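Each remark here refers to the structure printed beneath this line.
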Amino acid sequence: MASEEASLRALESLMTEFFHDCTTNERKREIEELLNNFAQQIGAWRFCLYFLSSTRNDYVMMYSLTVFENLINKMWLGVPSQDKMEIRSCLPKLLLAHHKTLPYFIRNKLCKVIVDIGRQDWPMFYHDFFTNILQLIQSPVTTPLGLIMLKTTSEELACPREDLSVARKEELRKLLLDQVQTVLGLLTGILETVWDKHSVTAATPPPSPTSGESGDLLSNLLQSPSSAKLLNQPIPILDAESEYICSLALECLAHLFSWIPLSASITPSLLTTIFHFARFGCDIRARKMASVNGSSQNCVLGQERGRLGVLAMSCINELMSKNCVPMEFEEYLLRMFQQTFYLLQKITKDNNAHTVKSRLEELDESYIEKFTDFLRLFVSVHLRRIESYSQFPVVEFLTLLFKYTFHQPTHEGYFSCLDIWTLFLDYLTSKIKSRLGDKEAVLNRYEDALVLLLTEVLNRIQFRYNQAQLEELDDETLDDDQQTEWQRYLRQSLEVVAKVMELLPTHAFSTLFPVLQDNLEVYLGLQQFIVTSGSGPRLNITAENDCRRLHCSLRDLSSLLQAVGRLAEYFTGDVFAARFSDALTVVERLVKVTLYGSQIKLYNIETAVPSVLKPDLIDVHAQSLAALQAYSHWLAQYCSEAHRQNTQQFVSLISTTMDAITPLITTKVQDKLLLSACHLLVSLATTVRPVFLISIPAVQKVFNRITDASAQRLVDKAQVLVCRALSNILLLPWPNLPENEQQWPVRSMNHASLISALSRDYRNLKPNAVTPQRKMPLDDTKVIIHQTLSVLEDIVENISGESTKSRQICYQSLQESVQVSLALFPAFIHQSDVTDEMLSFFLTLFRGLRVQMGVPFTEQIIQTFLNMFTREQLAESILHEGSTGCRVVEKFLKILQVVVQEPGQVFKPFLPSIIALCMEQVYPIIAERPSPDVKAELFELLFRTLHHNWRYFFKSTILASVQRGMAEEQMENQPQFSAIMQDLPSFTQNVHRLVNDLRYYRLCNDSLPPGTVKL
């Protein structure tokens, strides 16, 4: 015993030293090594057993338990059976003797160690493991300890870690399932006993706002008056010990419900009891009494009562999350819904003392989150099942959900509720699509609720009705989705509006458009307040209150314009004719607004509060352009109709739109507004494609401005967009016109002129532009290359999927620029930033226009690249030029990927050079680098080489190979094949895809009936 005592004192000293602030890391490592060596010794557990019973040092106790844990989980098979028996006997006795005095984390760890033994030995060698837990629960003195053991057992045995065999996992689950009925009965008894015991003292409660809340809705939600009466009983006041026991019991239930199947073991009595405790979460009266009485103990008791409600809702949600519901359990499920919606009615009931929002603010935030989770689970998992029950009033439920949603005290809570409405609207949409015959009946049932939802969501995004809340939203900080809190709020709201529009288009439009019209009148009326001063036009609205009202109106107009744009898709397709009038009204208003903004240049007007009103005016103008762009598909469909009817109305719409766009295509306009105008122009040129677009004077102005060498260039993104639009006007075929009416010769000539103007400076560059004798500074040369190639690459990329004629014209116009690029490439091979842009351009050419480039020139390009990318150049790019150099090599490999998968024999002569480049030049450089740069593209290139060129290695056909059976086949080019397979062990995962394809062919042949022609 003396040695054990000395060991204990030494261990206490070591542990104290280890956790002391002054102990160095080196000394800590020494102590850690000493402790690990001790733990590995045979019989160390005996010392640890003594330490546990003889010390009060937390560090020592935790270390000792860790030794036991390691022994049981990693070395248990090698422990003599007598020692195991002694450990199984001593640890539970130790727990029983000291559980009231041990710190809670030590007690919980000791419980976990005992459960780990059960995980290994129950029931064969530890037959009374679970019986002991049940006895602990049944004894009033040890009930809390038994519940902790039960929860730990559920956690460790029902959902064990991966260190157990599948058979043992299944055995443990079956053993636990056999005990479920007994366990649930015990837990039900504990909760009922506590409730009944404390309810006696509250049999005659004083009048309160929460008693007798059995309004008309309650009789609909609950089947029987007795259940309503039961749930209206006053909530008892529990002592601390009872609350602790109930919280442990509810935690056990929540975990049990996470893995046990729904069955008759979950009795109506248990469900009712859980709902009794769920009421603790919405008991404002008790929470207020606790805070009014003042003491910290009372406040803690109030928080604990709220926690009981949170735990009870966790139990309910675990049951709710199960989608597989046995037939016999559906009645219980219905009862759960009824009881939960009774709680929802209590929460959302409005009376003189409290508004709904103030009640929700007073409830525990976690309880609200759990309740919202319940509502989400109900709608997403069970609504389709419950809706058919005549005694469950879905419309009344939506009324409660509506009140709950629009009285949420936090933005996050409101977002979560909008998600629930989105789920409901999705369910309704899919239900209508699957039962078109019942469409009117379904819509009639929910119409009032949907219109109310739409109106309130629209009100919530307007400062006119919701200024206080909207001003709290952050509109500067971006989240992980690259949107601000305000943008997220608006987007989620507009998604709900759009989904209602899909179901009730007429109602939605008649609700939204008048609101938009009201705000438009304010915006369009600003012209009368514009006065001219010495410094230019100024908005003569200066009163603080007027400026604030104008700010709110402009913000609302911006949001409503986004809403109108979001609804554009519901006017096209099959409903185009039916909703034509409404859509035309919207588009005409949008065209008028965009033209108005461009003509009077509100974006350049001085205001009394420039930091607020000027951004508002710019945003409204930009949003009106964006909303009009959203209707480009509708305009395209209208274009098709107008072509047949030759209507002047459509021509007027497009011409006026161009009149609104053209003044904005200038460097004097803010980028936000400029880009909105450019995007709209691209949509007109690409999606709508009216025949007369090129002849509109405003379009001619844009052509002249872009091709004018003396005009100041737009910002890069805007320049690219405008050039794309102008190119598409000339290249894309006009809809509804035969080939002979497309005017290709004239359009081809105009496109050549456009590209010639855009590439004028670039084509004048010479291969010596990078040499010391150059006439132009290198930085200026790089700017010209960047500006030109970014435009040309975008034009090629956007035409790559179009008709052959369009691509032919495009390449004819680009041909000289492409040849210049190839001539310049060797001169800039050591300038990785320029090489990167050139290879991006060539990669886009290979993907979109390789047929038009022709075989000889394509071969010339490939050979030039192969000659330039020597091993030294590759090493320089990969090792010394950082990420830019790696990108250059990756793009070069991507070009080769396009080459090796080209069908036919044209590019097969390049295969030896490509394989040699990969295996002899690229791979040796990247093999030892831990970075994944270049490796993925190299492996992809090798895979495509094998996948598309297997005949390069295996000459015989698949048919001949199958007919020959298992006979050995002679391989061609074996050294290269072996190099690929042997030098790249990590490449084999891609090769498996090729092998699987070959196996598939063989399986197809084997499964075909005799006499069939096989692959």
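The values are calculated or read from the model by the stated rules, or taken from the named source; none is laboratory data. Quick caveat: nothing in here was measured; it's all calculated off a predicted structure. In this analysis, Cβ positions are derived from the backbone assuming ideal geometry, glycine residues included, and neighbour counts consider all displayed protein chains. Side chains included, ligands, DNA and RNA excluded: accessible areas come from the protein's heavy atoms. Shrake-Rupley method; radii C 1.70, N 1.55, O 1.52, S 1.80 Å.
Below, the figures for the structure above:
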{"item": "Failed item, numbered, when T23 is tested on (1) outside any loop (DSSP other than H, G, I, E, B); (2) open to solvent by less than 80 Å² (accessible area, probe 1.4 Å); (3) over 22 Å from F105 (Cα atoms)", "result": "(1)"}
{"item": "Test: residue in region 45-59 that is open to solvent by less than 90 Å² (accessible area, probe 1.4 Å), on the phi < 0 side of the Ramachandran plot and touching a Lys or Arg at 6+ places or on another chain (Cβ under 9 Å)", "result": "no"}
{"item": "The listed residue being among the aliphatic types (A, V, I, L, M) and in a loop (DSSP other than H, G, I, E, B), out of L714, L721", "result": "L714"}
{"item": "Hey, D556 open to solvent by less than 10 Å² (accessible area, probe 1.4 Å) and in contact (Cβ under 8 Å) with a residue 12 or more places away in the chain or not", "result": "yes"}
{"item": "Residue in region 111-125 that is open to solvent by less than 50 Å² (accessible area, probe 1.4 Å), in contact with a Lys or Arg (Cβ under 8 Å, 6 or more places away or on another chain) and over 20 Å from L248 (Cα atoms) present", "result": "yes"}
{"item": "Near pairs, Cβ below 7 angstrom, 6+ apart or cross-chain, from region 936-948 (more than 13 Å from M919 (Cα to Cα)) to any residue that is open to solvent by 10 Å² or more (accessible area, probe 1.4 Å) and not in a helix (DSSP H, G or I)", "result": "R944/Q901; H948/Q901"}
{"item": "Options T607, T657, T647, T667: the member that is more than 20 Å from N519 (Cα to Cα), open to solvent by less than 50 Å² (accessible area, probe 1.4 Å) and in contact (Cβ under 8 Å) with a residue 12 or more places away in the chain", "result": "T657"}
{"item": "Check on E802, touching a residue at least 40 places away in the same chain (Cβ under 8 Å) and assigned to a helix (DSSP H, G or I)", "result": "no"}
{"item": "Subset of region 139-172 [free of Cβ contacts under 8 Å to residues at least 60 places away in the same chain and in contact with a helix residue (DSSP H, G or I) (Cβ under 7 Å, 6 or more places away or on another chain)]", "result": "T142, L145, G146, M149, T152, T153, E156, L157, P160, L172"}
{"item": "Selection within region 348-362 - surrounded by fewer than 21 Cβ atoms within 10 Å (Cβ to Cβ) and in contact (Cβ under 8 Å) with a residue 60 or more places away in the chain", "result": "K349, N351, A353, H354, E362"}
{"item": "The listed residue being within 42 Å of the chain's Cα centre (by Cα) and open to solvent by 10 Å² or more (accessible area, probe 1.4 Å), out of Q852, Q815", "result": "Q852"}
{"item": "Odd one out for I541 among (1) of a type in the set (V, I, T); (2) without any contact (Cβ under 8 Å) to a residue 24 or more places away in the chain; (3) in a loop (DSSP other than H, G, I, E, B)", "result": "(2)"}
{"item": "Selection count where residues are farther than 17 Å from H507 by Cα and open to solvent by 40 Å² or more (accessible area, probe 1.4 Å), scope region 432-452", "result": "6"}
{"item": "So A578, is it open to solvent by 10 Å² or more (accessible area, probe 1.4 Å), in a loop (DSSP other than H, G, I, E, B), modelled with pLDDT under 90 and not basic (K, R)", "result": "no"}
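Listed here are the residues, each with its yes/no results for (1) of a type in the set (G, A, S); (2) in a loop (DSSP other than H, G, I, E, B).
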| site | (1), (2) |
| --- | --- |
| N466 | no, no |
| E471 | no, no |
| D474 | no, yes |
| R488 | no, no |
| A498 | yes, no |
| M501 | no, no |
| H507 | no, no |
| P514 | no, no |
